[in-house]
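A quick write-up on the structure given underneath.
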Amino acid sequence: MTDALVQVCPARTVLAPFAGSGTTGLAALRAGRRFVGCERERAYYEIASERLSKAA
C-alpha cells in the first residue's frame with residue numbers, strides 16, 4: 001500500500017510528517033525518491049534510522 005502511495009506523489013521528495021518506523025521512507029527510497037521524515041518519539045526515530053540506513 002505504501003509503495004502505491006509513493007508512486008502517486010510527484011517525482012520529487014516524499015514528506016512523512018509522522019515518520020513512525022520509516023515504512024514510507026523505505027518505499028520512497030525503493031522508488032528512487034528522496035525522503036524527509038519527522039518523528040518526535042525517540043523509540044520510533046531509532047527504529048526508522050536503523051531501517052533507512054540499511055536500505056541506503
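The values are calculated or read from the model by the stated rules, or taken from the named source; none is laboratory data. Computed from a predicted model, the values in this text were never measured in an experiment. As a convention, Cβ positions derive from the backbone with ideal geometry for all residues, glycine included, and neighbour counts pool all protein chains shown. These area figures cover heavy atoms from the full protein model, side chains too; ligands, DNA and RNA do not enter into them. Shrake-Rupley method; radii C 1.70, N 1.55, O 1.52, S 1.80 Å.
For this structure, a couple of remarks:
- Per the listing 40, 33, the residue uniquely touching a helix residue (DSSP H, G or I) at 6+ places or on another chain (Cβ under 9 Å) and either open to solvent by less than 40 Å² (accessible area, probe 1.4 Å) or modelled with pLDDT of 90 or more (or both) is 33.
- Within the stretch 43-56, restricting attention to residues that are within 16 Å of residue 3 (Cβ to Cβ) and among the aliphatic types (A, V, I, L, M), the residue that is least open to solvent (accessible area, probe 1.4 Å) is 52.
- Residue within the stretch 3-20 that is at pLDDT 90 or above, open to solvent by 50 Å² or more (accessible area, probe 1.4 Å), among the hydrophobic types (A, V, I, L, M, F, W, C) and within 10 Å of the chain's Cα centre (by Cα) present: yes
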